[in-house]
1. Taking square-rooted eigenvalues a ≥ b ≥ c of the alpha carbon gyration tensor, is the protein assembly as shown rounded, prolate or oblate, where a/c under 1.5 means rounded and, failing that, a/b exceeding b/c means prolate?
2. Which residues does the label zone of A:T358 cover in the stretch A:67-108, counting backbone N under 19 Å from a point 7 Å along Cα→Cβ?
3. Between 0 and 90 degrees, rounded to the nearest ten: what's the tilt of helix B:332-351 against the longest Cα principal axis of chain B?
4. For C:E264 and A:A284, what is the calculated FRET efficiency with R₀ set at 45 Å and r taken between the beta-carbons, to the nearest 0.05?
5. Let me confirm one metric for peptide C:103-110, namely the mean number of other chain beta-carbon atoms within 10 Å of its residues' beta-carbons.
6. Which residues does a label at B:T291 reach in the stretch C:97-117, if reach means a backbone N under 19 Å from a point 7 Å past the Cα toward the Cβ?
7. Listed highest first by mean packing, meaning other Cβ atoms within 10 Å per residue, what order do B:133-142, C:35-44 come in?
8. Once you average over the residues of C:273-281, how many Cβ atoms of partner chains fall within 10 Å of each Cβ?
Amino acid sequence: MRTLKTIAAAGALATGLGAAAEAQETVTIAALYNLTGGMSSIDAPALNGALLHAALINEAGGLLDGTVMLEVVGIDTKTDQQETATAAQQALSMDNLVAGIGYGDTTFVLAAAPAFQEAGIPFVTSGATHPMLPTWVGDHMFMTAFGDDDQSYAIADYAYDTLGLRRVAVWTDDSMDFTRALSTFFRERFVERGGELVGDDFFMMGDTDFSAQIARLQAIDPAPDGVFVSAIPGEAGLSVKQIREAGITYPIVSGDGFDTELVSTVPGPDLANDVFFSSHTYRADDRQVVSDFVAAYEEEYGRPPENAFSPLGYDAIGLVAEAIEAAGSTEPSAIRDALAGIRDYEAVTGMISYTRETMVPPKPVAIIEVQGGEFTLLETWFPDEVE
Amino acid sequence: MTGTTRGWLLAAGLTALGAAAVWAATASLNNYLLTLIAFAGINVMLAVSLSLSNGLTGLFSLGHPAFMMVGGYIAAILTFPANRKGFMLPDLPEWLAAQQWPLLPALLVGGAVAGLAAIMAGFPVLRLRGHYLAVATLGLIFILRAVVNNLDGYTRGALGLSGIPKLTDLWWVYAWVVITLFVCWRIKHSSLGRTMMAMRENEMAAACMGVPLARTRLMAFAIGAVFAGIAGGLWAHLVTNLTPTSLGVFLAFQLVVMVVLGGQGSLAGAALAAIGLSAIANLLRPVEQSTGIYGMTQIVVALVLIGVLIFRPQGLFGSREPGVLMRRPESSAPSRTAASTQTTHLEQRGST
Amino acid sequence: MTSYLLQQIVNGLILGSMYALVAIGFSMIYGIVRLINFAHGDIAMIGAFTALAVMIVAGLPLPVVILAVLVVGAAMGLAIEFVAFRPLRGAPQVNGFITSLAVSILIQNVAILLLTAEPRGVAFPAFLSERIPGLPINIDLVDILIVVLAVALMLGLVTIVNRTRLGMAMRATAENLDVARLMGINVSRTIMAAFAIGSALAGIAGLMWSARYGQIDPIMGFLPGLKAFVAAVIGGVGSIPGAMLGGYLLGLAEVLFVGLLPPEYAGYRDAFVFGTLILVLLVLPNGLMGRAAEDRA
C-alpha cells in the first residue's frame, strides 16, 4: 500500500514537473475522534476546531501558494478501542494522507498513534497531555498541548505562592489516566514546595454525586485551606456546585479539565466562586489569534468554543499546515521533519516549540480564576527553562 | 458412517477454502480491510463461544468481556518485551518480568487462566438464573475493571498496557476461528451439547433424566471463557493497547446481540451475525464520514436490529444450523424435531 | 462523627430516591410484559431535556414543568411500546432485551445528533438549592422535594396498583397474561398503561436529576438506567416495593462505600457494590422481594 502511494506520488511529481505549475493538490488529514459515546463531549469540539481551521485555510487560498488544499476527514471511533485500531488503519489506507490528528485522551492516542508511527505518517494529538507520549510512541508523535506535569506544576505553584495554600486535599477521577497523572504531578510539586496534603479522595468517570467525598472533606480536622479537583469537563461543574452548596468556601484548584463553561453554568454565578485552574492560554486572553478563533468558531457553529479541546483541535491542524509550509512539500516524511523543527508557532493555545528532548512543547500555562461565574486570566506561568 | 465421513470432508474442505480466502486476502487487501476482517473473526470467536452458555445452555451471561480482560492482560504481560517490562510494571515478580513468550503459549495460558477464573466465579454465580445471572456477570466486568485499574504495578492502571507487540495477524485469527467453531460444533453435537439444550428447554425434566445441572452449566460457562480469554489475547496483540475500559459493558451487549440475532444456539448463525453486524457498521463508515452525520451508523444498526427481531423473532437460524452444514443429508427428521422444540420453547417463554 | 454518618445516610437516601423512581418503572414493565427495558434510563434523559426546554427556553413555572415532564415521559413510553415492543409480543424474552438496547442506542445517538454530546448546565430557581437552616447536616430544599415527591409518587403508584380497576388489571396481567385476556381484561391497554406510568416516573427522575446536579447531556441516562436495572434486580425484578427498596439500598451502598471505606479503597467502589450485590443474590437468589425464578424466568 505504501509502495503504491509512493509510486503515485512519484508519478504526480513527474507530471507536475512536466505539466502546468499551478496544478492543485488536495491532501488528506485524518482526524480520529470519539464523536459518539462517553468521550464525545471532549472530542467532538476538537473536531469542530479542526474542521474550522482547514476550512479557513482553504478559503484563504490553501497552502504552498495555493497549490495545496486541505481535506480533514473526521472518523468516529465511538469511544471504543477496537474502533480506534480499525480507524487508524482506515486512515492509513486513504489516498493523499499526509498526517493524522486526534483525541483528547492518552489511552486512545496509544491505540491509534503506533500504527501511524509504523507507517511513517506523523500523528498530532490535539488534546492528550501525558508527558511520556512522544517517548512511548516514537518520532512521528507530536503533541499540541502541554504536558500534565507542566500544568500541574503551574497550578501547584500558584496555589502555594499566590493563594497561600498550605494544607490541600486532593480529589481524583480514578478511572482515567489523565486525571490520575494530573494529581500525581500536583502532589509531587505541592509537597516539594513545602505544602501538606491532608486528604486523598477518589471518584469515577460518570459520577454525578460527590456527597460522600464532600462529607469526608468536611470531616477533615482542622479544615484544609483548599481542594485540588482532578476532573474532566463533565465533572468540573458538578463538583464545584456540590462543594459550594455544602458551604465549603475555600479555593478549588484544578487543571485544564476545568476549562469549560460548565464551571460557571452548572453552579450558577452565585456559587461559581474562588475556582482557580491552569489551562491553555486562550480563555480570557486578548491576543489577536484568540479573538479571531473565537469569532470564527461562533460564526461557524453558533456557539462559543465548548471547552479547551476546540482550540486545541484548531491548533493541531495549524501545526500540520505550518509544517507543510515549512517543508515546502506534502511528503509525510518531510512534514514530520518540519513538525519536529517547529519553533515559536503562535497557536491559539500558546506558543509551540519542539525544543525539549521529550518533544513535549514547553508551552505557557494560563492561570484562570472564576469569580461570580466570570473567567479571568490571572497570570501566565512559564515552564522551567528548556532542558 | 458415510455421513460422518461426509462431515469430515466438508469440514476439511471448508477449512481449506477459508485458508485459501485468507491467503488471497493477505495478498491483495490493504491493512484496513485486513484489520476489519481480523476483528470480525475475533467477534465470531466470541459470539460462537458465548453461544455455548447463552445459546445452547440458556444462561444469560454478560461476562465475556471480563474473561477477555483476564486472557488479554495475561497474554500481553507474557509477550511483552522483557527489557521494558520491569520498568513499566514494577510490581511484577522478577521471574515473570524476565519472561518474553511467543504468542501461542501466551494465548493458551491466558485462555486457561480465564477458564479457571470462570470456574471460580461460576461456582457461586451460576446458582443464579435469568436476569439475576445477567446482573451478576455484569458485575464481574466491573469488579475486574476496578481491580485492574488499581493494581498499577502489575497492569499500569488506567493508562493500560501500551506498546504490546503486534503479533496477531489474519492467520492467527483464522486458525482460532476454525478451532473455536470446530470445538463448539463438536460440543453442540455431542452428548454434552444435547445435555445443555435439554437444560435450556426444561431444566426440571433434564434433572429428572439425570443431567448434572451444576456441572453442565459450569462446563458451558468455563469453555466459553477459555475461548473468550484467547480472543482477548488476540485482541490485545492486534490493537497493541489494553486498558481497563477497553472491554466493557457495551461489548457484552454487542455479543449478546450477535448470539440472539444468529438464533439462540445456532453457531453458524452467531458467526454470520458477528460478520453481518461489523459489515453493516463498516459499510456505513464512509457515508458517515462524507456527510458528517456521526452517530448514523449506530442509528442504522439499531433500526436493523429492531427490524430483524420483529420479522424474525427466532433469529436468523433459530436453534438450527444451515442445512448444508449438517452431517447427514437424510437427517431431516432430527432437524424438524429441533424446529418444533424451538417453537414450544418460544411459546413457553412468551407466555410465562 | 454521628453527623458525618447521618449526612452520608441522608445523601444515600436522596440518591436512592432517584434510583428507586427509575427502578419502579423498570420493574413494573418487567412485571407485566417480562421485558427488561434498557431504554428506560434514556427516558429520564428525555425528561431532563424536556424540563430544560419548558423551564429555560419557554420560561414556564415549576408545576407546569413537572406536568410537561410527566406528559412527555408517558408519551415517549407509549411510542416506544408501540413501535418497538408491541410487534415483539410472544417472542423470547431476550429479544425484548435486545430491542430495548437498540432503542436506547437509537435515542442516545439521535439526541447527540440533535443536541450535541456536550453537557449543559441547567439553572433551576436558586431557592431550590437553599440550605435548610438549623440542621447539623447539609440538606437543600431540592433534596427534600426529591424525597417527598418520590415517596408521594410511589405511594400513588401503590394505591393505583392495589386499589383501582386498572391496578387490578395490571396485577392480573402480571400474574398470567393469557388468563387475564380470557377474563376480559384489555391486555394491550394495561400494558400501555404500565409503559406510560413507568416512563412518566423515569421522566420525573430525570427532572430531579437535573434539579439536583444542574447538568444534563444526551447520554446521562445510561448509567442510572443500568443502576436502576441493578436496583430492580436486588429488589426482585417485577416487585414494585422491591424496586423501591433496591433503589434505596443501592443509593445507600454507593454513598456509604465511598464514605466509610478508607479513601485508598474508594477506587474499588464498583467492585464492592457489585460484590455485595452478588452476595445478596446468593443468599436470596430471587432478590429481596422477588418470587421464585420458576414463576418468572
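1. Taking the square roots of the gyration eigenvalues as a ≥ b ≥ c, the protein assembly as shown is oblate.
2. Residues A:104-108 fall inside that zone.
3. It works out to around 80 degrees.
4. Efficiency, rounded to the nearest 0.05: 0.75.
5. Going residue by residue through C:103-110 and averaging, the value is 6.
6. In the stretch C:97-117, the label zone of B:T291 (backbone N under 19 Å from the point 7 Å along Cα→Cβ) covers C:103, C:105-117.
7. Packing order, densest peptide first, comes out as C:35-44, B:133-142.
8. 6
All of the numbers you see were taken from the coordinates with simple rules; none came from a lab. Predicted model, so just to flag it, every value in this text is computed and none were measured. When we count neighbours, we look across all protein chains shown, and the Cβ atoms used for this are built from the backbone with ideal geometry, even at glycine.
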